[in-house]
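What follows is a set of notes on a single structure, which appears directly below.
Values in this text are rule-based calculations from the coordinates and carry no lab data. These numbers were taken from a predicted model, which means no experiment stands behind them. Every residue, glycine as well, gets a Cβ built from its backbone with ideal geometry; the counts of neighbours run over all protein chains shown.
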Amino acid sequence: MSASVDDTLVCRLAGELWAVFAPWRGPWGGGGAAAAYLARRSFRSGAGLRWRHQGRDRDERDENVEALGRLERRGLLHRRVERTKVIATRLLDAGIERACALAGAPCWSDGRAVCQRLASIDDARATMTHLGTRWTAEWALAGTPSYWAACGNDEDGRANRRLLSVLEEQAIPALVRGWLLSGADLDGRAWYSLTTAGRAALTEAPADAPPTIEADADCALAWREGAHAMQVRLAAAPRSEREIGLLPLSAHGGPIVGPSAVGSGSDDDDVGPRGDVPTAGGGNYAAAAHLATVANVGGNMAATGAADSRPGRPASSTRRSEP
């Protein structure tokens, strides 16, 4: 049986949200970085993401607008309406939780697990502090070789990059909830920082596991379509003369902090320290390739098609609270 209009729509909206909060790994030119920054700020402020009239024809678009009303009455999202027109939507926690279950994507428990791992890391090679913010390299959280080594195109390199992609998928729920911040350098290597809200979440008892919901193929496809549409939208955004947007981190390979990066280091600025990443031979590891895989492109680059965007888990799986 195919999924309902309500379920596919809430999954599409969640896919858009996940693309917005995926670590921005470049490109740093154009308007995409500013567009992602503004979209994140809009969601965090409670305004939500701009609503696009989704549908192949007028009847389908009208049906989706009616579905928004039903989802709002069910407590899954808020609509922002001006006169009679829907301007923006904001998924609530209950809506995100349902969408993740239907699409088979990581949710709050997965994000909390990433926060726990980050809080437990005490490896000076993998962490750095800048303007009071402590950043941890993604390789330390994913369990791949240090300094993003062995991430080439051979079999081992593809396996290591897949581990980094899985980590990103699991971290996005924490980024959406404000438990983590993300930043990336010019080579597309990501760092994560635990926020005050994230530390507070770790002191609280874990939430009860949500009811088990069978993942649905139509919902997983709607998630991918939403993520892909948002990736294209961000990549095509015009340059804003008033907003710089997200700023890249420079590579850093140890506990010694180099010159400061531009930015305030606040929760809305994905910025951090500068420095160099040494290789085993003492040189700079400057030739790192973009770490996002075809199966997990991230919110910063437009995938070639919806099937290449982050889908969550296979539709045959059953969503549970653990990863």
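Numbers below:
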{"read-out": "Failed condition for Arg79, given (1) touching a helix residue (DSSP H, G or I) at 6+ places or on another chain (Cβ under 6 Å); (2) crowded, with 20+ Cβ neighbours inside 10 Å", "value": "(2)"}
{"read-out": "Neighbours by Cβ (under 8 Å, 6+ apart or cross-chain): first from the range 179-193, closer than 18 Å to Asp123 by Cβ; second crowded, with 22+ Cβ neighbours inside 10 Å and of a type in the set (Lys, Arg)", "value": "Arg189/Arg25; Ala190/Arg25"}
{"read-out": "Filter result (in contact with an Asp or Glu (Cβ under 9 Å, 6 or more places away or on another chain), touching a residue at least 40 places away in the same chain (Cβ under 8 Å) and among the β-branched types (Val, Ile, Thr)) within the range 115-160", "value": "Thr136"}
{"read-out": "The one condition in (1) touching a strand residue (DSSP E or B) at 6+ places or on another chain (Cβ under 8 Å); (2) in a loop (DSSP other than H, G, I, E, B) that Ala174 fails to fulfil", "value": "(2)"}
{"read-out": "Residues located in the range 87-127, provided they are surrounded by fewer than 18 Cβ atoms within 10 Å (Cβ to Cβ), outside any helix (DSSP H, G or I) and in contact with a helix residue (DSSP H, G or I) (Cβ under 7 Å, 6 or more places away or on another chain)", "value": "Ile121, Asp123, Arg125"}
{"read-out": "Top-ranked residue of the range 194-208 - restricted to ones that are under 22 Å from the mean Cα position of the chain (by Cα) and part of a loop (DSSP other than H, G, I, E, B), ranked as farthest from Arg98 (Cα to Cα)", "value": "Thr195"}
{"read-out": "Index of the failed condition, Ala35 passing every other in (1) in contact with a strand residue (DSSP E or B) (Cβ under 8 Å, 6 or more places away or on another chain); (2) over 20 Å from Ala171 (Cα atoms); (3) in a helix (DSSP H, G or I); (4) among the aliphatic types (A, V, I, L, M)", "value": "(1)"}
{"read-out": "The range 1-32, residues that are buried (at least 24 other Cβ atoms within 10 Å of the Cβ) and assigned to a loop (DSSP other than H, G, I, E, B)", "value": "Ala22, Pro23, Trp24, Arg25"}
{"read-out": "Residue that is within 15 Å of Leu9 (Cβ to Cβ) and without any contact (Cβ under 8 Å) to a residue 24 or more places away in the chain, where the choices are Arg90, Arg61, Arg70", "value": "Arg61"}
{"read-out": "Selection status of Arg162, over 21 Å from Ala36 (Cα atoms) and part of a loop (DSSP other than H, G, I, E, B)", "value": "no"}
